[in-house]
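Shown next, in structure tokens, is the structure this report addresses.
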Amino acid sequence: MKNQIISIEAMEILDSRGNPTIRTRVSLENGVCGVSSVPSGASTGENEALELRDGDKKRYGGKGVLNAVDNVNSKIAPELLGMTPDKQDEIDRMMLELDDTSTKSNLGANAILSVSMAASVAAAMSQKVPLYVYLGRVSELRLPVPMMNIINGGEHADNSVDLQEFMIIPSGASSFREALRYGAETFHALKKILQSKGYATSVGDEGGFAPNLESNEEACEVIIEAIQLAGYEPGKEIFMAIDAAASSFCNQGSYIFQKSGSGTKSSTDMMEFYGSLVENYPIVSIEDPMDENDWEGFSAITKKLGDKIQIVGDDLFVTNTDFVSKGISKKAANAVLIKLNQIGTVSETLATIRLCQKAGWNYIISHRSGETEDTFMADFAVAMAGGQIKTGSASRSERIAKYNRLLEIESEIGESANFSI
Ligand code: PGA
Ligand code: ZN
């Protein structure tokens, strides 16, 4: 049976915040149909590919995506009909040519990515292999360790915590299934501790708690307590990670710790601050420690801490080979956060990952704070074999959907499942 694309249809759906996003269905002549939905960020990097929103205030406060839907249905679809979905590079290249901008602002990165991912899904189904096998043919398969964001601060919470995310990494576990259990148990232990201290235990966008803690250090303290209450050893079985998202509290080169009331800091002060956190807590990874334009600050902190811990660029690199190349030559980090929708196609994301592999840098496959039930990124993480995934806490179904998919994959791969970082 033929596997040519016979139709591509997009529709407007809602993400986990109740904002519109796009879902696309790529149908083949052989009856196969690949579906994919794109996520959406809140604390986005300045240089991300453009997410096309309608701007019509009468619908969803301007956040509708009907123009992006129309771009898929009436502009992209006619160009791709008759192609086979396994020609990922060609499909993506044709969409880039049709868009003809560096930021995908004509068609929208959301429109383009939905087609790019749905084509992969259709190709895997057509070849009757799981998506992780289809995507991973050039690399070994590997289950990732979860980086679970259990306390929220920064722009994601109304508290006195300046840093955006405090994560746990259960890398002392022997398998993904066990790591997830360690993480979920710690999440529940943390809830008990927060309750006993009289803090709120409602969860934020990524499923972590957002208690009104007094300081950044208190966030670290309660996490250590939670790890211990759950019966694990901090720094042996469970480690910690931070996403400072420093662009969100940087103004003209100064870092303003307004929420905790601890004043304004220079890049050098920030290095001291992170240095003392790393000394006092089992922190093995810091993401966006500096502002996305502070390349010197990034290079300096990588020089200071990069041989001990992972320094991750998210807003700094926006999953873009140009920025990652610059980062490699400036030694501005040693790891890259990978978000498919920051760049907007599967093949460009693969190029960024290849660049990381060549440089010997780590890479982490990541969700966005606005997600859907789509599990593409779970398969993608296993296929890319980078060993790490960032997809939220142990709550909220759009986060759990990815974890459940990873459990499924682990049980399919069975004995050969490789889990380590
Ligand atoms: P997002 O960011 O809100 O842009 O998805 C989360 C992050 O900074 O990693
Ligand atoms: Zn980030």
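The values are calculated or read from the model by the stated rules, or taken from the named source; none is laboratory data. The model shown is predicted, which means the values in this text are computed figures rather than measured ones. Heads up, the Cβs are rebuilt from the backbone with ideal geometry, glycines too, and the neighbour counts pull from every protein chain shown. Heavy atoms of the whole protein, side chains included, go into the accessibility calculation; ligands, DNA and RNA do not. Shrake-Rupley method; radii C 1.70, N 1.55, O 1.52, S 1.80 Å.
Values as computed for the structure displayed
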| read-out | value |
| --- | --- |
| Subset of the range 115-138 [open to solvent by 10 Å² or more (accessible area, probe 1.4 Å), assigned to a loop (DSSP other than H, G, I, E, B) and closer than 30 Å to Ser174 by Cβ] | Val129, Pro130, Arg137, Val138 |
| Conditions (1) away from ligand 2 (no atom under 16 Å from the Cβ); (2) under 10 Å from the mean Cα position of the chain (by Cα): number failed by Ala359 | (2) |
| Where a residue in the range 221-243 is over 18 Å from Gln388 (Cβ atoms) and its partner, wherever it lies, is away from ligand 1 (no atom under 16 Å from the Cβ) and of a type in the set (Gly, Ala, Ser), with Cβ under 7 Å and at least six apart | Ala226/Ala189; Leu229/Ala189; Ala230/Ala189; Lys236/Gly172 |
| In the range 279-302, the residues that are surrounded by fewer than 18 Cβ atoms within 10 Å (Cβ to Cβ), within 22 Å of Ser171 (Cα to Cα) and of a type outside the set (D, E, K, R) | Asn280 |
| Qualifying residue in the range 266-273 (condition: closer than 24 Å to Asn159 by Cβ and within 15 Å of ligand 2 (Cβ to nearest atom)) | no |
| Restricting the range 234-248 to residues that are more than 16 Å from Leu190 (Cβ to Cβ) and not hydrophobic (A, V, I, L, M, F, W, C), the residue that is nearest to ligand 1 (Cβ to nearest atom) | Asp243 |
| Enumeration of residues in the range 23-73 that are assigned to a loop (DSSP other than H, G, I, E, B), of a type outside the set (A, V, I, L, M) and more than 26 Å from Glu287 (Cα to Cα) | Glu29, Asn30, Gly31, Arg53, Asp54, Gly55, Asp56, Lys57, Lys58, Arg59, Lys63, Gly64 |
| Scope the range 311-331; condition more than 10 Å from ligand 2 (Cβ to nearest atom) and either β-branched (Val, Ile, Thr) or touching a Pro at 6+ places or on another chain (Cβ under 8 Å) (or both); matching residues | Ile311, Val318, Thr319, Thr321, Val324, Ile328 |
| Residue list for the range 71-103, filter: surrounded by 15 or more Cβ atoms within 10 Å (Cβ to Cβ) and either within 22 Å of Glu48 (Cα to Cα) or of a type in the set (Ser, Thr, Tyr) (or both) | Asn71, Val72, Ile76, Thr84, Gln88, Ile91, Asp92, Met94, Met95, Leu96, Leu98, Asp99 |
| Residue list for the range 35-91, restricted to those being more than 16 Å from ligand 1 (Cβ to nearest atom) and within 19 Å of the chain's Cα centre (by Cα) | Ser36 |
| Residue in the range 139-152 that is open to solvent by 30 Å² or more (accessible area, probe 1.4 Å) and under 27 Å from Asn19 (Cβ atoms) present | no |
| In the range 171-208, the residues that are farther than 30 Å from Asn418 by Cα and within 16 Å of ligand 1 (Cβ to nearest atom) | Val203, Gly204, Asp205 |
